[in-house]
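Q: Can you read through this structure? Questions will come right after.
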Amino acid sequence: MFFGQFNRGLVRQIVISTICQLSVFVSGAAYCWLEPLTLRLKEDPNFMMTTEGVSWLISMVEFGAVVSPILAGYLSDWYGRKPTVLSVGPICVVSWVMAILWKNKWVLGIMRILHGVAIGIGYTVAPIYTAEIADPKLRGALSGTFQIAVCTGALYVFWTGAFLNYDNFIYTSLPIPILFTIIFSFCPETPYFFLMDGKTDKAKEVLMYFRDSTDVDEEIAQMKAAVEEETSDSSSWRTLFFDRGERKAFIIVNIVCIAKFMTGMPVIANYAVETFSMASSFLPPEEMSIILMGMLAGIAVLATFLSDWFGRKPLLLVSCFGCFIAHLLTGLYYFIHEKTSYEAQPWMMYLGIVLYCFFSDIGLGPLLQTLLGEMFGVNTRGLAGGITEGMGGVWCFIALKAYSPVNQTFGVYMNFWFFSCVSLVSGIILWVMLYETAGKTIGKKEDKIDKSPS
């Protein structure tokens, strides 16, 4: 009887979490939406964009992604996790409708900013929602679906964009945010938010639904104690920066954030066609980009359960040092291809890209959101996530905007060697600072002394 009950609760957590991650699928699709069009926009008479113009258009997504996460963090604390995540759908629908009605580069720029707003919201609050409904033993696996959603969203637009014209490409992008908005509107709020709002009975009711058990008094008491402790200081800003444990957690997740976004993923996602067009390949660049994103999506599925099996810290270290080797090899291929008279061996690029897909997907890709969901107290979780994702937008903008000028000044190899250096330095810092959070209660610090203000 217990096994059946446990399974029903488990299924509910998986289903609701998956529906929530549709917001991340939509955000991932929005983030990479221009990638299949990067070469075509330069030839389309409606746009006739230069390389510099395309570079700015791709980077403009970060204008929205820098501002919206902090606002999303506050909104999730004031109005709830659910309505904040739900807003991703309508924002993306409006942006794509604009793009189909008015075909010019200025509207595309506005669309990209709106996409950035949706991305900032989805990437910030969806992991919080998932972490707060999940059993601690399942939290790593359910949070790991974030990376699957990002990669499959990107794969969807890579695949459809490669074979469809501009109008039909938009029409295939519209149904998913509409579907997400309809389905997620029927999902419950998290028990943590109800406790923050003083609605203990509601919180207990929701937790009983997700655990499929009436015996949740002990877990509710633990949650309530954590909420009361974390909200005893009315200033979430003061708690985040003056509490030793919160401050250390904030530094750690921002090192992971830098490593995630400055080791090449934004560039790979948005410049795949252009990058592969500069290499020797037996397949067209568009098909190579589809294969690349397909590998990322496939490895993300494999990596979903690894963080609970092996722990967050080992996977992040392996991820950083693995990306270091992968980018070093890919950069070497492009250096030989561009700067020497020797014939570069394509296997070097293929192996480097495959290794990068694997190592980034088992650690840096999914675990930033996992750490954001479980390293902070309830009243700092939204703020810390908002600031971190906002800074992630800054790092993404730098990486995206610098890519083309670095290519033109030095060569593609220099970008990959820079990514390699960032991976190495980040891995060394995390080796020293990072502590394990797998299986612990949300907000659990390294030890009790870290909970006292300095």
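The values are calculated or read from the model by the stated rules, or taken from the named source; none is laboratory data. For clarity, every value in this text was computed on a predicted model and none was experimentally measured. Cβ sites come from the backbone with ideal geometry, for glycine too, and all protein chains shown count toward neighbours. When the accessible area is computed, the model is the full protein with side chains, heavy atoms only, and any ligands, DNA or RNA have been set aside. Shrake-Rupley method; radii C 1.70, N 1.55, O 1.52, S 1.80 Å.
Q: Give, rounded to the nearest 20 debye, the magnitude of the charge dipole that segment 295-389 has about its Cα centre when Lys and Arg contribute +1 at Cβ and Asp and Glu contribute -1 at Cβ. Display every interim value, and only then the final one.
A: Working: 4 positive and 6 negative charges, 38 e Å.
Result for segment 295-389 is approximately 180 debye, rounded to the nearest 20.
Q: Based on the alpha-carbon gyration tensor of segment 82-129 and its eigenvalue square roots a ≥ b ≥ c, which shape applies: rounded if a/c is under 1.5, prolate if not and a/b is larger than b/c, or oblate?
A: Working: a/c = 5.02, a/b = 2.36, b/c = 2.13.
Prolate shape, in that a/c is at least 1.5 and a/b is the bigger ratio.
Q: Which one, [x] 21.0; [y] 28.1; [z] 40.8, gives mean projected area of the Cα convex hull in nm² as derived from the coordinates shown?
A: Structure-derived value, by its label: [x].
Q: Further, regarding this structure: Give me the three principal axis extents of segment 247-378 from the C-alpha atoms, as integers in angstrom, largest value leading.
A: The Cα atoms of segment 247-378 stretch 56, 26, 24 Å along their principal axes.
Q: Normalising by the residue count of segment 71-215, find the relative contact order in percent from Cα pairs under 8 Å and 6+ residues apart.
A: Details: 120 pairs, mean separation 44.6, N = 145.
That works out to 31 percent.
Q: Please give the charge dipole size of the chain, origin at the Cα centre, charges +1 on K and R Cβ atoms and -1 on D and E Cβ atoms. Round to the nearest 20 debye.
A: Working: 31 positive and 37 negative charges, 54 e Å.
The calculated dipole for the chain is roughly 260 debye.
Q: After finding the eigenvalues of the alpha carbon gyration tensor for segment 58-137, what semi-axes result from the square roots of 5 times each, listed largest first in whole Å? Provide the component values of the computation, followed by the final result.
A: Details: eigenvalues 149, 28, 20 Å².
Semi-axes from the Cα gyration tensor: 27, 12, 10 Å.
Q: Considering the options 294, 376, 348, tell which one lies farthest towards the positive end of the dipole of the chain, charges being +1 on Lys and Arg and -1 on Asp and Glu at the Cβ, about the Cα centre.
A: My answer, from the dipole projection, is 376.
Q: Along the charge dipole of the chain, Cβ charges K/R +1 and D/E -1, which of 186, 73, 99 sits furthest on the positive end?
A: Value computed over the given set: 73.
Q: Compute the helix-to-body angle for 139-163: its Cα long axis versus the longest principal axis of the chain, expressed 0 to 90° and rounded to tens.
A: Computed tilt is about 30 degrees.
Q: What are the ³J(HN,Hα) values, in whole Hz, obtained from phi via the Karplus relation 6.51 cos²θ - 1.76 cosθ + 1.60 with θ = phi - 60°, for each residue of segment 243-256 in sequence order, with x given for Gly and Pro?
A: Residue by residue, segment 243-256 yields 7, 4, x, 5, 5, 5, 4, 5, 5, 4, 5, 7, 5, 4 Hz.
Q: Quick one: angle between helix 412-433 and the longest Cα principal axis of the chain, in degrees between 0 and 90, rounded to 10, please.
A: 20
Q: Something else now. Given Cα pairs under 8 Å that are at least 6 residues apart, what percent is the relative contact order of the chain? Please report the intermediate quantities before stating the final value.
A: Details: 785 pairs, mean separation 115.3, N = 454.
Taking the mean separation of contacting Cα pairs over the length of the chain, I get 25 percent.
Q: Same structure again: Relative contact order for segment 1-110: what percent, with Cα pairs under 8 Å and sequence separation of 6 or more?
A: On the way: 42 pairs, mean separation 32.6, N = 110.
Normalised by residue count, the contact order of segment 1-110 is 30 percent.
Q: Over segment 4-152, average the accessible area per residue using a 1.4 Å probe and give it in Å², no decimals. Walk me through the numbers before you get to the answer.
A: Numbers: 5030 Å² over 149 residues.
In whole numbers, segment 4-152 has 34 Å² accessible per residue.
Q: Would you mind checking the tilt of helix 61-78 against the longest principal axis of the Cα atoms of the chain, expressed as 0 to 90 degrees and rounded to 10?
A: 10
Q: With the Cα gyration tensor of segment 1-156 giving a ≥ b ≥ c as the square roots of its eigenvalues, does the rule (a/c under 1.5 for rounded; else a/b larger than b/c for prolate; else oblate) give rounded, prolate or oblate? Walk me through the numbers on the way to the answer.
A: Working: a/c = 2.96, a/b = 2.20, b/c = 1.35.
Prolate, because a/c is 1.5 or more and a/b exceeds b/c.
Q: Kirkwood hydrodynamic radius (Cα pairs, Å) of segment 20-61?
A: Details: mean 1/r = 0.0892 Å⁻¹.
In segment 20-61 this quantity evaluates to 11.2 Å.
Q: Going by the alpha-carbon gyration tensor, a ≥ b ≥ c the square roots of its eigenvalues, is segment 164-266 rounded (a/c under 1.5) or, if a/c is not under 1.5, prolate (a/b greater than b/c) versus oblate?
A: Taking the square roots of the gyration eigenvalues as a ≥ b ≥ c, segment 164-266 is oblate.
Q: While we're looking at this one, here's another question. Would you work out what percent of the accessible area of the chain, with all protein chains in place, is carbon or sulfur (probe 1.4 Å)?
A: Numbers: 12460 of 17810 Å².
Here carbon and sulfur together make up 70 percent of the probe-accessible area.
Q: Per DSSP H run of n ≥ 4, the term is -39500 (n - 2.57); total these for the chain, divide by its residue number, and report the mean residue ellipticity at 222 nm rounded to 500 deg cm²/dmol. Could you put the intermediate results ahead of the total?
A: Details: 22 runs with 347 residues, N = 454.
Calculated mean residue ellipticity at 222 nm is -25500 deg cm²/dmol.
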